[in-house]
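Colleague: Structure incoming, see below.
Since every read-out is calculated from the coordinates, none of them should be taken as a lab result. Predicted model, so just to flag it, every value in this text is computed and none were measured. Counting neighbours? That spans all protein chains shown, and the Cβs are built from the backbone with ideal geometry, glycine included.
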Amino acid sequence: MANESIGMIECKGLVALMEACDAALKSADVKMVGWEKIGSGLVTAIFSGNVAAVNAAVEAGADAAGQVGEVIAVQVIPRPHDDLKKLGSWLG
């Protein structure tokens, strides 16, 4: 995960999340490394790549999701600590 950042988009509903993921992946050179069902209709997608690409992807994804549904939260973590791998298998 060295020099990679992670970005997350959380939406209410799978349709909004799929729209977010499509826009995010088309807008920048990022990888979708996973997604999680949070509960109560909330779902989160996780992307990785360089900081600028992840920022662009998360912004484009959140904008697209907001057109069809509700975006709950977005977050970009530049250079996350290696211990974050313990939180999910999707971090590598």
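Colleague: D29 passes all but one of (1) acidic (D, E); (2) assigned to a helix (DSSP H, G or I); (3) surrounded by fewer than 13 Cβ atoms within 10 Å (Cβ to Cβ); which number fails?
Modeller: (2)
Colleague: Just one of A62, A56 is among the aliphatic types (A, V, I, L, M), more than 10 Å from the chain's Cα centre (by Cα) and surrounded by 13 or more Cβ atoms within 10 Å (Cβ to Cβ); which is it?
Modeller: Numbers: A62 fails: more than 10 Å from the chain's Cα centre (by Cα).
Being among the aliphatic types (A, V, I, L, M), more than 10 Å from the chain's Cα centre (by Cα) and surrounded by 13 or more Cβ atoms within 10 Å (Cβ to Cβ) holds for just one of A62, A56, which is A56.
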